[in-house]
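K.L.:
Here it is, the structure in full.
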Amino acid sequence: DAGVIQSPRHEVTEMGQEVTLRCKPISGHDYLFWYRQTMMRGLELLIYFNNNVPIDDSGMPEDRFSAKMPNASFSTLKIQPSEPRDSAVYFCASKRDTQGGELFFGEGSRLTVL
Amino acid sequence: ILNVEQSPQSLHVQEGDSTNFTCSFPSSNFYALHWYRWETAKSPEALFVMTLNGDEKKKGRISATLNTKEGYSYLYIKGSQPEDSATYLCAFIMEYGNKLVFGAGTILRVKS
């Protein structure tokens, strides 16, 4: 079975540009999570969805960040406008609808904002 | 605000040494505690899912224990090997939730 698929793997952009990160969760997984990894804060939960509905977006840094899940097999995380401090690795992860079930992570999208 | 703390922040050991590290979490509203291994240039992979106080899990040379009453879990590696070098993360899940909050991780480097 294919794992969680993220794209792009690497993105370099200039400050002010819009960035869109994409994620395809594992088929049959009802939960999807977006995490950001930085040296300062480790793995930080941004938002998570259950059955395509956002459940908790309290970790989204500010209005420049938005996430959508239009269907069970696709999610996007958008940053507009991007800033240098947004540079990080963004991970998408999914899990089955069982409480306590393990997360399966994608390989991450490394974003660099110049 | 949930506080999940891991110690030490990093550890350097010689091949063959046994080692352990700690994850501390809130003792109230506990549902589950996960351990993940995160190798450089890869993504985190689950090692253990622990739900019951007193749980002990083992996978090869790696084992973990759980104390939910006092809010800690230990991860042990027996006879460390260079391939054990990775960041070890713990994640806490509150009761009735699916939100995983990660600690900052322990970086383990095993020298041959």
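The values are calculated or read from the model by the stated rules, or taken from the named source; none is laboratory data. All values reported here derive from a predicted model rather than from experimental measurement. Note that each Cβ is placed from the backbone with ideal geometry, even for glycine, and that neighbours are counted across all protein chains shown. Quick note on the areas: whole protein, heavy atoms, side chains included, nothing else; ligands and nucleic acids left out. Shrake-Rupley method; radii C 1.70, N 1.55, O 1.52, S 1.80 Å.
K.L.:
Once phi is turned into θ = phi - 60°, what whole-Hz ³J(HN,Hα) does the Karplus curve with 6.51, -1.76 and 1.60 give for every residue of segment B:45-60, x standing for Gly and Pro?
P.N.:
Result, rounded to whole Hz: 10, 5, 9, 9, 10, 10, 10, 10, 4, x, 3, 10, 10, 9, 9, x.
K.L.:
Calculate the translational D of chain B in whole µm² s⁻¹ from Stokes-Einstein, where the hydrodynamic radius comes from the Kirkwood formula applied to all Cα pairs, the temperature is 10 °C and the viscosity 1.306 mPa s. Don't jump to the answer; show the numbers that get you there.
P.N.:
Details: Rh = 14.0 Å.
In µm²/s, the coefficient is 113.
K.L.:
What percentages make up the Cα-Cα pair-distance distribution of the protein assembly as shown when the bins are 5 Å wide from 0?
P.N.:
Percent of pairs per bin, in order: 1, 7, 14, 18, 18, 16, 12, 8, 4, 1, 0.
K.L.:
With a cap of 11 neighbouring Cβ atoms within 10 Å, and only residues DSSP puts in a loop, list the trypsin sites (Lys or Arg not before Pro) found in segment B:40-112. Mind dumping the intermediate values first?
P.N.:
Details: sites: B:LYS42, B:LYS57, B:LYS58, B:LYS59, B:ARG61, B:LYS69, B:LYS78, B:LYS99, B:ARG109, B:LYS111; in loops: B:LYS42, B:ARG61, B:LYS69, B:LYS78, B:LYS99.
Here the trypsin sites (Lys or Arg not before Pro) that fit, given the DSSP loop and packing criteria, are B:LYS69.
K.L.:
Below 8 Å, C-alpha to C-alpha, sequence gap of six or more: please give me the relative contact order for segment A:1-100 in percent.
P.N.:
Relative contact order comes out at 36 percent.
K.L.:
Next up: Between segment B:56-109 and segment B:10-50, how far is it from one alpha carbon centroid to the other, in angstrom?
P.N.:
Between the Cα centres of segment B:56-109 and segment B:10-50 lies a distance of 3 Å.
K.L.:
Let me ask something else. Could you sort A:ASP57, A:ASP63, A:ASP86 by accessible area so the largest value comes first, with the probe set to 1.4 Å?
P.N.:
Details: A:ASP57 95, A:ASP63 155, A:ASP86 5 Å².
If we order A:ASP57, A:ASP63, A:ASP86 from most to least accessible, we get A:ASP63, A:ASP57, A:ASP86.
K.L.:
Please compute the per residue accessible area over segment A:1-97 with all protein chains in place, 1.4 Å probe, rounded to a whole number of Å².
P.N.:
Working: 5000 Å² over 97 residues.
Here the per-residue accessible area is 52 Å².
K.L.:
Now, a different point. Under the 0.36 nm per residue contour assumption, what length would be gained going from the current alpha-carbon distance of B:ALA41 and B:SER27 to full extension? Each step should come with its number before you reach the end.
P.N.:
Numbers: separation 14, 0.36 × 14 = 5.04 nm, distance 3.32 nm.
Gain in length upon complete extension: 1.7 nm.
K.L.:
Here's a follow-up. Mind checking which lysines have their Cα closer than 19 Å to the Cα of B:LYS111? Skip sequence neighbours fewer than 8 apart in that chain.
P.N.:
Partners found: B:LYS78.
K.L.:
Please average, across the residues of B:34-43, the number of beta carbons from any other chain that are within 10 Å of each residue's own beta carbon, and give a whole number. Don't skip to the end; give the middle numbers.
P.N.:
Numbers: counts 4, 1, 4, 0, 3, 0, 0, 2, 3, 13.
That average works out to 3.
K.L.:
A further question follows. Express in % the proportion of alpha carbon pairs of chain A at distances exceeding 23 Å.
P.N.:
Details: 1388 of 6441 pairs.
Taking all Cα-Cα pairs of chain A, the fraction more than 23 Å apart is 22 percent.
K.L.:
Can you list the GluC sites (Glu not before Pro) in segment B:1-84 that are in a DSSP coil and have 11 or fewer other beta carbons within 10 angstrom?
P.N.:
Passing sites in segment B:1-84 are B:GLU70.
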